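The values are calculated or read from the model by the stated rules, or taken from the named source; none is laboratory data. This structure is a prediction, so every number in the text was calculated from the model and none was measured. Quick reminder, even Gly has a Cβ in these numbers, built from the backbone with ideal geometry, and neighbours come from all protein chains shown.
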Amino acid sequence: MRVVFLGTPMFAVPAFRMLLEHSYEICGVFTQPDRPAGRGERLQPGPIKVLAQERGIPVFQPVRIRNEENRPILENLRPDFVVVAAYGQILPGWLLKAARIAPVNIHGSLLPRYRGAAPVAWAIINGETKTGVTTMIIHEELDSGPILLQQEVPIPIDQTAGELASELSVIGAKLLIKTLEDLQKGTVDPIIQDTTQICWAPRITKEMGRISWQKRALDIHNQIRGMNPWPIANAEFRGAHLRIWRSAPASASDDFKSVPGTFLGLAKNGIYVQCGEGTALEILEVQMPAKEKVTGREFANGARLHPGELFFH
């Protein structure tokens, strides 16, 4: 079976590898243009481009996939399936119709929940305790196509968006293979999405990383998890942007009555910070600009913090 694969980041890698392991012929790869990265801002290829080039698979990197100039390229590849995993662009109808059997997408949520660019991050930010992976027939409207297969996945209270995305990518790759096999055998019945259950997961921005200590500790904790690995939650500390990588809500049985942003004291590996509505957060791992990550406790010792000090505003 011939497959045209569209994907860019690490989330797409397990699906790409799984297709090759199951003897699907990836006849072409469409991936996003190289992006500047690192201190030198040099152009860097995405993981899918690197893998495709290692395998000698043709790679195409259109700035805008909808441009008609891409149409003959895609149609000449004569795919049985078009497979999409975190590609990052809206696909035109002519591309979807080029698949002899079906265009299939892997989406990191239980659709119709969390349609959009950042389903993993938003599930964590919103404090969901479960999510999953969906394979679906692609329609032109974003994430609106019929559901093929789904698998539910629990979200532990300490799991970050990066960790969850990695887990979902592996599950999604296995689900993809079963989906393609079922489509070939005609043993899967597409299910129309229930539009009354739709919620959205828009793209994450850097500005969303700024912490407001007036919020409840659990909400801040979910923000910190959802912003990891990008853009990383942050707070101003003595004129610098302190990046906060990991945290844990403090016991609800304790009574916290200080001003939000106040340093309350040391924990085993972290520090307690007053949050809104009488809650507190344990900060476990932080990073100052141009410095290595340290535990919250190491940070407090180095900064010579004193209990009762209002050090976040």
Only residues that are at pLDDT below 95 and of a type in the set (S, T, N, Q): list them for segment 64-106, please. Gln89
Is segment 174-193 home to any residue that is surrounded by fewer than 17 Cβ atoms within 10 Å (Cβ to Cβ), in contact (Cβ under 8 Å) with a residue 40 or more places away in the chain and either in contact with a Cys (Cβ under 9 Å, 6 or more places away or on another chain) or over 23 Å from Tyr24 (Cβ atoms) (or both)? yes
From Ile204, Ile244, Ile220, Ile224, grab the single residue that is closer than 24 Å to Ser166 by Cβ, within 22 Å of the chain's Cα centre (by Cα), hydrophobic (A, V, I, L, M, F, W, C) and in a loop (DSSP other than H, G, I, E, B). Ile204
Listed residues Gly28, Gly108, Gly88, Gly46; which is touching a residue at least 60 places away in the same chain (Cβ under 8 Å), within 17 Å of Thr8 (Cα to Cα) and crowded, with 17+ Cβ neighbours inside 10 Å? Gly108
Please go through (1) in a strand (DSSP E or B); (2) of a type outside the set (D, E, K, R); (3) more than 22 Å from Ile157 (Cβ to Cβ) for Gly302 and return the number of the only condition it doesn't satisfy. (1)
Can you name every residue in segment 6-25 that is over 21 Å from Gly108 (Cβ atoms) and either buried (at least 18 other Cβ atoms within 10 Å of the Cβ) or basic (Lys, Arg) (or both)? Tyr24
